[in-house]
Amino acid sequence: MVEKYKSRYGSGLDAQTYLGQNYLQVDRSLIPDILRRLREEEQFDYCVDITAVHYPKREKQFDVVWILYSFPRNERVRVKTQIADGASIESSVSIWPTSNWLEREVYDMFGICFDGHPDLKRILLPDGWKGFPLRKDYGILQQDQEWVQINLGIESGQ
Amino acid sequence: MSIPEKEGTSDLSPGTLGLGRASFEGSNLERETPGKAYLDSNELIINMGPQHPATHGVLRVILKLDGEKVLGTECVIGYLHRGVEKIAENRTYTMFNPYVDRMDYCAAVSNGLGYCEAVEKLMNVEAPPRAQYIRVILTELNRIASHQLWLGTHALDIGAMTPLFYTFRDREEILKIFERYCGARLTTHAFRIGGCQYETYAGFEKDVKNFLTFVAPKIDEYETLLTTNRIWLERTKNVGVISAADAIALGVTGPVLRASGVQWDLRKAQPYANYSRFDFEIPIGTNGDTYDRYLVRMMEMRQSLRIIEQAVDAIPEGPIMGKVPKVIKPPVGEIYHSIEAPKGELGYFIVSDGSTQPYRLRVRPPSFVNLQALDVMVRGLLVADVVAVIGTIDIVLGEVDR
Amino acid sequence: MPNFIMSYLGSTLTPGQAGNQFWALMYVLIIFAGVSVAVMCMNWIERKALAHFQIRLGPMRVGPHGLLQPFADALKLMLKEDIIPAEADQFVFWVAPLIGLLAAFTVYTVIPFGPSQAVSDMNIGILFMLGVSSLGVLGIVVAGWASNSHYPLIGALRSSAQMVSYEVAMGLAIVSAIMMTSMNASGTGTLSMIEIVRAQQHQGIWFIFKFFPLGFIAFGIFAVAMVAETNRAPFDLAEAESELTAGFHTEYSGLRWSLFMLAEYAAMIAVSSIAVTLWLGGWLRPFPNLLHAPAWDFLFSLFPGLTFLALGAIAVVGTARMPSHSFFKIQRIGLGIFAALLGSIGLLLLLIAVAGNSANLAVAARFSEGITYVYWFMLKVAIFMYLFIWYRATWPRYRFDQLMRVGWKVLLPISLGVLILTAIVGVVVS
Amino acid sequence: MNPALSSGLDSAVNALPVATSFFFYTLSGLAVVGGLLVITRRNAVHSALALIVTLLAVAGLYLMLYAPFVAGVQIIVYAGGIMVLFLFVIMLVNIERSSKERQFNRMWPAGLVAAVLLLALFMGAFGKGRALFVDRRIPLPESSNTQQIAAMLYGDAGRMGQYTFAFEIASLLLLVAILGAVIMTKKKT
């Protein structure tokens, strides 16, 4: 499978195995295509999780990770791509409906936008919240003081 | 009014419910000013929760109704958000271990098992056999406890009060075993990275065996109350149906998926701990309705009893802690490890930068993903069914919101 | 002795007749107080019985075995802040619980606790009762509307639709029982509650067993419909807590809320009384025609006293089983006094029964007779009240459409069929 | 039957002075006040409640006329059944809007004329009184009121009742109305 895709996409794709788990490092431009092929041709019919990792020192700050599973093959694969801060990425809701909330959570926590998502808004944090908590530059005690003051009526904002 | 003024403007943005915009084009879920005549139009928007007896915590469901028929739902979650993943990045691997108990607090042992195994995998160590057996026994006990809690509250939602007390009585026995084992009842923190902290207490095997003989007839007792009860059948049969294809597309796992007829259980599909040693079956349903989910969970309890019985009989002697350094410092790398929690696939995705703290720790919560299927399941049903379906998905808000 | 007391004691006199107005008034007061007390007892029994169904103890703290719990509850509810939501319709919000309460209590005017132990013997008794109890739903509907909130409104809509639907089946079941009253020599039936019981006495059969299984089915339909009429589990959709938080009384609190509860329990007792009157022979003791020898009369007249003695004995056992710790001293004493109270009531009743049997004490004889009537009536009603609790502990709740389906597609056709068959069998037999 | 009561109306009337003018004026006053409230309240639910008061007062008047069966039916059908449906409908319509609309439309001159005519009719009836309506004993003793009505409607002892035909026609008409309502509201599926 990996060989097939490598021949098709060339340098945009890199397959690795770590601790017995496979993952594909994919160029951002190939993401929608790869995901669709994985779903339709390789029967990865179950999107387990979508998440992101923040590397503030890198030029492309974010890793977006799709964890996929195939019921027929009983196999997992991770698809990873790097994107820069402020860049957006194609939504996979049309491929796996379950991506809906998962992508919303990634947006909520990292501020990564997904193009074509039907309803991209915050999910765990309140709608008016400012800041993306899972970024490394967001301190653990930090809060949106303005929001806390207005909505909870706590003067100190903490 | 039931929709509080303060948050109304922000939470009810127009357009989307559940799966996507397309299905709700044209009908806007805008906030109307509810006067005395909110039944004027055919559509009624009602706010279920976050303070509602049947939403199992602080879940808020905005229902769009035509009379009593549900046209669409939108879940508003996050009321219990504590930033578990952020906390993980600021704690060492050992320090974070108790935090996972607070996610799905009904199945704290399962959470701990998943986390410890994920870190062990990342460090390439393995718990010794005796620890594996202890883990399996406690995890399966916890699965029964979780299902009992589910059954009681679910039955209460549908209006049967009594099963709640029966299940709580029997769950108490499990909690007593937990308490004797590790001192805690709910958030047990039973396992450590590399094995178990505590040796079993004297009489542990006897207690577990006593529990097995105690609880088997009790499960029959629940079934006599409900399984053939006419009203129960009417309330659960063909309610909240979700097909296997829909369930897979929505990423639904656990008993909900199995009730739709997909024979998939991580304990069999990708065995972790030492589940491959045990002989048990994966119960599945056929219709994917609320009744099947009920039956699947009832059968799962019995299968868990089987596993525990085998585990208690075969538990070996030996150390309970593997060779782990005092300071846990996994090598640079990342791992995704998932287990079959009572509610579905519970996954941990850990990125390590070689330090004592996880660089990034992502929890894949089963309740969160399963809750997404609520909208598909309740469309076209009545308000009373929404309650039944929320109950049957078996969510724990601590895990949904993290 | 004053005339009116003697006139009351003359058991041939019917209620509502001349000379009986004083006692009618007394009955109004007795019934009002009695029903209120009965509701309080029912409250305690329900909590206790439900708790024991559910392997817990129920109230244990306020008084021995929680015996004073209803008083504590009543006090709490009376002292609680009485909240009227700002958006609510003040007047209607205020008047709604009263409507329900009024309807529930007015029904008691026609319920015969004995041949002369009733406020009035209306010749349209059963019709009056149906009409007044159908007014009770107005209180609920109006309460739901006046709260000006979603859940109460849905609860009110559900409850009004439910009551209107089940009244139909209920009415038809009642008609088939009324039809049975006309199976006598003169061929005329009656709507009077007292006469309905008399008809059962004369025909020598409780209507539940008449034209078996027709009477039984009609009774069964009524037994289902009356649960739905009183909004009790498994038909408690109007106040389904897991769906509508509390239904029509979500916005009510304190005294007003307690009025709704009072009305609900009073209505439960009222419909049970109707079922007892129509099908279970009202005040008649078991086998009044078969075992009619005076000795049997005497034996059955001992029952009230014996019941109270048995209750007292249970209380004594409870006292003895209490922990001997000094902490329980007051509770032990309290339960002991309660046991003594029950026992002395039992002894008093036994004394009256024995005195009544000794023939030369006419007053005692009549008292004994009246007590026996009321006792058997209350016992039958108590069985129904226990059933209400039992249902609640056992069954899940129906969904609204299922409830409607049961009402219209199951109960209504069956009750119509029973009605027609009763008529046919009645004609054939006579 | 109840021998004490069926023995005769006279004894009942003498023994139970229910039909006093006090009760009559109280009940009629209630009915009139209720009727006025029905048409003057802006809030439809208040109107409905006032209408219930009126209906109950009228039921009381029936009782005074020794027609308990009619009183009972009045309570069941009107106060209990129809008014519940009224309220049911009122709660579903937009009260907010209707309460802002003008209370009196342009029909009021016609209404005034009708009211004056009705008043004149009542005055005439009151003035002529005894001459118009023959002062006779009430034909239906209270205790057998129900049986007498049954005899008139369904017939007695083999004879057809006075109003059997009309009664059956009326019920047929209602049946047609019910069927019509069902057909009109049924959704085409």
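The values are calculated or read from the model by the stated rules, or taken from the named source; none is laboratory data. All values derive from a computational prediction rather than experimental measurement. Quick reminder, even Gly has a Cβ in these numbers, built from the backbone with ideal geometry, and neighbours come from all protein chains shown.
Rundown of residues vs (1) modelled with pLDDT of 80 or more; (2) away from chain B (no Cβ under 11 Å), yes/no style:
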residue	(1), (2)
A:A15	no, yes
A:G20	no, no
A:R28	no, yes
A:L35	yes, yes
A:C47	yes, no
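On the given criteria, is C:I424 in the same structural domain as C:L172 (by TED's automatic domain parsing) and modelled with pLDDT of 85 or more? Considered against the rule, which asks whether it is in the same structural domain as C:L172 (by TED's automatic domain parsing) and modelled with pLDDT of 85 or more, C:I424 comes out as yes. Counting the residues of the range C:199-217 that are within 14 Å of chain D (Cβ to nearest Cβ) and touching a helix residue (DSSP H, G or I) at 6+ places or on another chain (Cβ under 9 Å) gives 1.
In the range A:99-118, the residues that are facing chain B (nearest Cβ under 8 Å) and farther than 16 Å from A:D63 by Cα form Cβ pairs under 8 Å with partners that are crowded, with 24+ Cβ neighbours inside 10 Å and aromatic (F, W, Y), at six or more places apart or across chains, as follows: A:W101/B:F368. In the range C:286-300, the residues that are surrounded by 11 or more Cβ atoms within 10 Å (Cβ to Cβ) form Cβ pairs under 6 Å with partners that are of a type in the set (G, A, S) and not in a helix (DSSP H, G or I), at six or more places apart or across chains, as follows: C:N289/C:G204.
Residues that are buried (at least 16 other Cβ atoms within 10 Å of the Cβ) and assigned to a loop (DSSP other than H, G, I, E, B) are absent from the range A:145-155 altogether.
Hey, among A:G139, A:G128, which residue is small (G, A, S), farther than 16 Å from A:I31 by Cβ, assigned to a loop (DSSP other than H, G, I, E, B) and facing chain B (nearest Cβ under 8 Å)? Give the derivation first.
Working: A:G139 fails: facing chain B (nearest Cβ under 8 Å).
Only one candidate passes the filter, namely A:G128.
Quick grid of which residues meet (1) modelled with pLDDT under 80; (2) within 22 Å of D:L55 (Cα to Cα); (3) touching a helix residue (DSSP H, G or I) at 6+ places or on another chain (Cβ under 8 Å):
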site: D:Q74; (1), (2), (3): no, yes, yes
site: D:Y78; (1), (2), (3): no, yes, yes
site: D:I82; (1), (2), (3): no, yes, no
site: D:L85; (1), (2), (3): no, yes, yes
site: D:V89; (1), (2), (3): yes, yes, no
site: D:I95; (1), (2), (3): yes, no, yes
site: D:N105; (1), (2), (3): yes, no, no
site: D:A110; (1), (2), (3): no, no, no
site: D:L119; (1), (2), (3): no, yes, no
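Scan the range B:162-174 and tell me whether some residue there is among the aliphatic types (A, V, I, L, M) and part of a helix (DSSP H, G or I).
Kept after step one, since they are among the aliphatic types (A, V, I, L, M), are these residues of the range B:162-174: B:164, B:174.
Filter again for part of a helix (DSSP H, G or I), leaving B:164, B:174.
Yes, that holds for at least one residue.
Set side by side, the residues C:V316, C:V276 differ, and just one is surrounded by 17 or more Cβ atoms within 10 Å (Cβ to Cβ), touching a Gly at 6+ places or on another chain (Cβ under 9 Å), part of a helix (DSSP H, G or I) and without any contact (Cβ under 8 Å) to a residue 40 or more places away in the chain, which is C:V316. Residue check: A:V65 meets all listed conditions (1) in contact (Cβ under 8 Å) with a residue 60 or more places away in the chain; (2) facing chain B (nearest Cβ under 8 Å); (3) not in a loop (DSSP other than H, G, I, E, B) but one, namely (1). Selection of first residues in the range C:400-425 that are away from chain B (no Cβ under 11 Å) and of second residues that are buried (at least 19 other Cβ atoms within 10 Å of the Cβ) and not in a helix (DSSP H, G or I), restricted to Cβ pairs under 9 Å at least 6 apart or on distinct chains, gives the following pairs, ordered by first then second residue: C:L421/C:F211; C:T422/C:K210; C:T422/C:F211; C:V425/C:F211. Of all positions in the range C:35-48, at least one carries a residue that is of a type in the set (V, I, T), modelled with pLDDT of 80 or more and within 26 Å of C:L191 (Cβ to Cβ). Considering C:L153, C:L191, the condition of being within 30 Å of D:V89 (Cα to Cα), in contact with a Gly (Cβ under 7 Å, 6 or more places away or on another chain) and surrounded by 19 or more Cβ atoms within 10 Å (Cβ to Cβ) is satisfied by C:L153 alone.
Inspect the range B:100-110 for any residue being more than 22 Å from the chain's Cα centre (by Cα), closer than 24 Å to B:F280 by Cα and either part of a helix (DSSP H, G or I) or not charged (D, E, K, R) (or both) and give the result as yes or no. No, that holds for no residue. Select from the range B:69-107 the residues that are away from chain A (no Cβ under 14 Å), surrounded by 21 or more Cβ atoms within 10 Å (Cβ to Cβ) and within 30 Å of C:D401 (Cα to Cα) and list them in ascending order. Of everything in the range B:69-107, just one residue is away from chain A (no Cβ under 14 Å), surrounded by 21 or more Cβ atoms within 10 Å (Cβ to Cβ) and within 30 Å of C:D401 (Cα to Cα), namely B:V70. Taken over the range C:71-94, the criterion of being of a type in the set (A, V, I, L, M) and either part of a loop (DSSP other than H, G, I, E, B) or surrounded by 17 or more Cβ atoms within 10 Å (Cβ to Cβ) (or both) is satisfied by C:A74, C:L77, C:I83, C:I84, C:A86, C:A88, C:V92.
Consider D:Y62 carefully, then state whether it is out of contact with any Ser or Thr (no Cβ under 9 Å at 6 or more places or on another chain) and part of a loop (DSSP other than H, G, I, E, B). Give the derivation first.
Working: out of contact with any Ser or Thr (no Cβ under 9 Å at 6 or more places or on another chain): yes; part of a loop (DSSP other than H, G, I, E, B): no.
Against the criterion (out of contact with any Ser or Thr (no Cβ under 9 Å at 6 or more places or on another chain) and part of a loop (DSSP other than H, G, I, E, B)), D:Y62 does not qualify.
Which of the following residues is in contact (Cβ under 8 Å) with a residue 60 or more places away in the chain, assigned to a strand (DSSP E or B) and small (G, A, S): A:A15, A:A52? Step by step, each of A:A15, A:A52 is checked, and only A:A52 is in contact (Cβ under 8 Å) with a residue 60 or more places away in the chain, assigned to a strand (DSSP E or B) and small (G, A, S).
One line per residue, one yes/no per condition, for (1) over 25 Å from D:L55 (Cβ atoms); (2) at the interface with another protein chain (Cβ under 9 Å from one of its Cβ atoms); (3) small (G, A, S); (4) part of a loop (DSSP other than H, G, I, E, B):
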| residue | (1), (2), (3), (4) |
| --- | --- |
| C:L102 | no, no, no, no |
| C:S134 | no, yes, yes, no |
| C:Y151 | yes, yes, no, no |
| C:L157 | no, yes, no, no |
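No other residue among C:F328, C:F298, C:F287 is outside any helix (DSSP H, G or I) and farther than 30 Å from C:T230 by Cβ apart from C:F287. Within the range B:44-84, being part of a loop (DSSP other than H, G, I, E, B), modelled with pLDDT of 75 or more and among the charged types (D, E, K, R) holds for one residue alone: B:R82. Only residues that are away from chain C (no Cβ under 11 Å), more than 20 Å from B:R169 (Cβ to Cβ), assigned to a loop (DSSP other than H, G, I, E, B) and touching a residue at least 60 places away in the same chain (Cβ under 8 Å) were counted across the range B:209-248, and they come to 3.
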